[in-house]
Amino acid sequence: MGKFMSNRYRNLKPYIPGEQPKDKIYIKLNANETSRPPSPKVLEVLKSDRMKQLGMYTDPHSRELKKAVSDTFDVSMAEIFVGNGSDEILGYIFLTFFENKHICYPDITYSFYATLALALDIDAEEIKLKKDFTIDINQFIETNRHIILANPNAPTGYALSIREIEKIVRSKPDRLVIVDEAYIDYGNESSIPLVKKYDNLMVIHTMSKSRNLAGAHIGYCIANKKLIADIESIKSVLNPFNLSDISMAVGTAAMLDRKYLQQTVQAVIEARIYITNELRKMNFYVLESNTNFVFVSHPWLSAEEYNIRLKEHGILARHYKKPDRIRNFLRITVGTMLEMAAVVQATRKILLSLAA
Ligand SMILES: *Cc1c(COP(=O)(O)O)cnc(C)c1O
């Protein structure tokens with residue numbers, strides 16, 4: 001650390017995303033991205049005359065994208081915030097609402113929440129998932145802390161129903177409940193309709209997963225307009241043009257192409273059923289996923305070893321050493337059918353070579 005670094009950041013622990021090695025071409029299944037292209041409408045907009053206007057700043061209120069989100073989810077534009085990925089939105093939410101506050105989230109969840117809490121010195125409690133990795137909603141109902149929940153959760157893949165989310169939101173109107181719905185499109189019910197009823201709920205979506213746009217990095221948040229106005233004010237002083245015009249153009253095009261979203265989701269669900277069945281045939285324990293990844297464990301092949309061997313076969317997956325009880329699980333993104341067939345084939349070879 002250099003001598004000019006501000007003291008308050010001395011304990012900063014950088015977030016570690018899935019690795020992106022460049023030594024050879026890998027099948028990348030470690031960050032829940034996709035090799036499938038975005039909607040053709042996105043590619044069209046990138047080739048359009050609009051791109052000749054990049055010498056101009058874009059609309060700092062990102063109204064074009066907000067309009068598309070507003071039409072899609074039947075909420076008003078004042079109830080929408082857009083950001084440079086949902087990570088940025090989470091950052092603004094933490095900055096805007098959580099200074100000197102107490103927050104909580106599950107002990108096994110998206111690790112960026114802990115990264116942010118640590119960086120901003122926010123008191124965070126990790127609430128233990130049950131033995132079977134499901135969420136004990138009573139613990140979240142009982143706590144007085146603000147709550148952050150990934151729904152479906154990562155890396156487990158389990159989802160709470162909208163009724164369960166509503167129970168938590170309703171239980172204490174004086175605390176915020178942030179629901180991170182990064183994987184909602186893969187067959188789950190969104191909590192967005194609850195935003196009209198509750199002014200303590202914020203729902204976050206990303207275009208990095210089901211919209212095949214991780215590289216454009218676009219997210220949006222839907223909440224009561226007072227909450228949105230508060231994060232807008234923080235954004236306006238930190239990064240008024242947080243979404244580039246390129247992102248706004250492609251995000252809008254992707255948002256409006258619902259048919260392509262459905263096709264993508266359908267393809268992922270088919271591939272998920274395939275990989276789940278094939279791995280189970282090889283004795284893997286595969287959690288029932290509601291997302292574009294599977295979380296798997298094997299009776300005698302350790303997750304760490306499996307991860308290393310897959311990499312030797314040119315396949316990247318994600319292994320977490322902490323907490324201890326997920327040490328023996330590997331998270332594998334559900335890619336295309338071809339990519340999943342490659343995983344099955346590599347896994348078969350790995351098991352055979354070690355059994356011999
Ligand atoms: C991938 C992911 C994100 C990050 O999304 P970006 O929009 O790419 O920043 C946020 N939350 C969860 C649970 C995720 O899995």
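General observations
- Test: residue in the range 68-87 that is away from the ligand (no atom under 16 Å from the Cβ), buried (at least 18 other Cβ atoms within 10 Å of the Cβ) and among the acidic types (Asp, Glu): yes
- Filtering the range 1-42 to residues that are surrounded by 12 or more Cβ atoms within 10 Å (Cβ to Cβ) and more than 30 Å from residue 339 (Cα to Cα) leaves only 12.
- Any chance residue 176 is buried (at least 17 other Cβ atoms within 10 Å of the Cβ), in contact (Cβ under 8 Å) with a residue 40 or more places away in the chain and over 30 Å from residue 263 (Cα atoms): yes
Here's the yes/no breakdown for (1) surrounded by fewer than 17 Cβ atoms within 10 Å (Cβ to Cβ); (2) at negative phi; (3) among the hydrophobic types (A, V, I, L, M, F, W, C); (4) over 25 Å from the mean Cα position of the chain (by Cα):
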| position | (1), (2), (3), (4) |
| --- | --- |
| 296 | no, yes, yes, no |
| 301 | no, yes, yes, yes |
| 305 | yes, yes, no, yes |
| 312 | yes, yes, no, yes |
| 319 | no, yes, no, no |
| 330 | no, yes, yes, no |
| 339 | no, yes, no, no |
| 343 | no, yes, yes, no |
| 346 | no, yes, yes, yes |
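- Residue-level check: of (1) out of contact with any His (no Cβ under 8 Å at 6 or more places or on another chain); (2) in contact (Cβ under 8 Å) with a residue 12 or more places away in the chain; (3) closer than 21 Å to residue 155 by Cβ; (4) not aliphatic (A, V, I, L, M), residue 277 misses just (2).
- Within the range 297-356, the set of residues being assigned to a loop (DSSP other than H, G, I, E, B), modelled with pLDDT of 95 or more, more than 21 Å from residue 111 (Cβ to Cβ) and not polar (S, T, N, Q) comprises 298, 299, 300, 301, 313, 314, 335.
- Single residue of 119, 114 found to be within 16 Å of the ligand (Cβ to nearest atom), farther than 27 Å from residue 293 by Cα and of a type in the set (Gly, Ala, Ser): 119
- Candidates 137, 168, 184 - the one that is within 16 Å of the ligand (Cβ to nearest atom) and of a type in the set (Val, Ile, Thr): 184
- Residue among 148, 162 that is more than 16 Å from the ligand (Cβ to nearest atom) and either over 17 Å from residue 269 (Cα atoms) or in contact with a strand residue (DSSP E or B) (Cβ under 8 Å, 6 or more places away or on another chain) (or both): 162
The values are calculated or read from the model by the stated rules, or taken from the named source; none is laboratory data. No experiment lies behind these values; they were computed from the predicted model shown. Neighbour counts run over all protein chains shown; Cβ positions are idealised from the backbone, glycine included.
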